[in-house]
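The values are calculated or read from the model by the stated rules, or taken from the named source; none is laboratory data. Quantities reported herein were computed from a predicted structural model and do not represent experimental measurements. So basically every Cβ, Gly included, is an ideal-geometry build from the backbone, and we count neighbours across all protein chains shown. Just so you know, the surface numbers come from the protein's heavy atoms only, side chains and all, with ligands and any DNA or RNA stripped out. Shrake-Rupley method; radii C 1.70, N 1.55, O 1.52, S 1.80 Å.
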Amino acid sequence: MKICFILCVLPLSLFGQSNIVNDSLPRIITSDVYNFWNSYDQFWRDTTSNPFEDYLVKGSMGLAGFIPGRIKNAEALKKKVLKEHLYYEKVRPSILHLTKVKKEVQDVLLSLKRIYPQAILPDVYFVIGRINSGGTSTSIGIIVGLESFSNQTIATSSGRESLPLESLTALIAHELIHFLQTPIGENNTLLKQCIIEGSADFIAELMGYKTVIKLNGEAYKYGDLHEQELWKAFYKEKDGTNYSAWLYNFGSSKSIPNDLGYWIGHKITADYYAKASDKQQAIYEILHINDYDAFLRSSGH
C-alpha cells in the first residue's frame, strides 16, 4: 500500500486497562481531531508559540500510542505544520465530517461480527499526525492518522499523495484483522510477514471491503500475470528476514510493483480458506497461525 499500515502491537502496560469490548460496539474516539485543529488555529495566530504541546498532553490513549515513531513530539509536529501548511489546509475540509466517518467505521466492525461472531472488537481512535502513517493496530485498539486521507488527491511538498477518503473503511478493516491476529514466535520471516499482511487483505475482502485490494491493485495484477516466476523467487527467500523485494518497498523499482508480498500472502490465505469445509473455523485458524510453513503446505502451495 502507498502508505504502509505497520503492524505495531504495543504492551497494554504502557496504557493501563484496555478498552476492548466483546458484546457491544467499542468506542470511536474523535476528540483528538478537534483538539488538533484548535491547536492548529491557535498556532497560526501566534507562530512563536507551540500549542501542539497542549494537543499532545490532552490527547487520548490513541494519540499517546501514535507519538512514538510517528508524531515524535510537539516540536516535530510544529515543524511539519510549518512545512506542509498548504497540505493541512487542503485536507482539512475532507476530514471534518466525522459523524459520517464514525457510522462507516461502525459498519466495518459489524461486518466482521457477521462473518466471525466471536471477534473481540477494539476501540478506534482518529488522530492527526505528521502525514507519515495512515494508521496502525496496537494493543489498545486501532489508531488512524486521519490527515493522510482526503476526498481529492493532495500532495505534500515532497510528492507524497493523500489516500482516497473512500478507502478509509477498507484500510480500517485491514487493520482490524491485524488487531485480532496472534502471530506466534519472534522470528518474523518473509513468509510469516506476507501471510500476516495478505490475510488481513483477504479477510477484509470477505467482509465486503474489496477496495483494500484495489489500493494495491498493481501488485495484485502483476502477481496474477507472473505467478509462476514469483512463486519460484519467493520460495528462495521465504525463510529469510529480508523484506526489501516484497514488502514496504514503495518506490524501490519502476518496473515491478511494490508490496508483492501482500499478493503472495493473500493467495496463500485464499487457497487455505477455499479448501476449508468450516469457513468460520478457517477464519479462526487464519487469525491464530502457529506454524506458517504448515499453513503454507495446507494451502496447497
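Applying a threshold of 6 Å to beta carbon distances and a minimum spacing of six or more residues, or different chains, the list of pairs starting in segment 89-118 at a residue that is among the acidic types (Asp, Glu) and ending at one that is assigned to a helix (DSSP H, G or I) and open to solvent by less than 70 Å² (accessible area, probe 1.4 Å) reads Glu104/Thr169. Within segment 163-187, residues that are within 22 Å of Ile289 (Cα to Cα) and open to solvent by 20 Å² or more (accessible area, probe 1.4 Å) sit with their Cβ atoms under 7 Å from residues that are at pLDDT below 90 and not in a helix (DSSP H, G or I), at 6+ positions apart or across chains, in these pairs: Phe179/Ser137.
Would you please name the residue that is modelled with the lowest pLDDT, looking only at residues in segment 151-176 that are among the hydroxyl-bearing types (Ser, Thr, Tyr) and closer than 14 Å to Ile213 by Cβ? The qualifying residue modelled with the lowest pLDDT is Ser167. When Glu53, Glu84 are checked against the criterion of being modelled with pLDDT of 95 or more and closer than 17 Å to Ser133 by Cα, a single residue qualifies: Glu84. Exactly one residue out of Ser244, Ser277 is of a type in the set (Ser, Thr, Tyr), open to solvent by 60 Å² or more (accessible area, probe 1.4 Å) and either within 26 Å of Glu218 (Cα to Cα) or not in a loop (DSSP other than H, G, I, E, B) (or both), and it is Ser244.
You will find that of Ala233, Ala219, the residue that is more than 30 Å from Val81 (Cα to Cα), open to solvent by 10 Å² or more (accessible area, probe 1.4 Å), in a helix (DSSP H, G or I) and of a type outside the set (Phe, Trp, Tyr) is Ala233 and no other.
Table: residues versus (1) aromatic (Phe, Trp, Tyr); (2) at pLDDT 95 or above.
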site: Ser199; (1), (2): no, yes
site: Glu218; (1), (2): no, no
site: Lys232; (1), (2): no, yes
site: Ser244; (1), (2): no, no
site: Gly251; (1), (2): no, no
site: Tyr272; (1), (2): yes, yes
site: Ala276; (1), (2): no, yes
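The number of residues in segment 134-161 that are open to solvent by 10 Å² or more (accessible area, probe 1.4 Å) and either within 21 Å of Tyr116 (Cα to Cα) or in contact (Cβ under 8 Å) with a residue 24 or more places away in the chain (or both) comes to 8.
Tell me whether segment 179-196 contains one or more residues that are touching an Asp or Glu at 6+ places or on another chain (Cβ under 9 Å), in a helix (DSSP H, G or I), at pLDDT below 95 and β-branched (Val, Ile, Thr). No; the residues of segment 179-196 include none that is touching an Asp or Glu at 6+ places or on another chain (Cβ under 9 Å), in a helix (DSSP H, G or I), at pLDDT below 95 and β-branched (Val, Ile, Thr).
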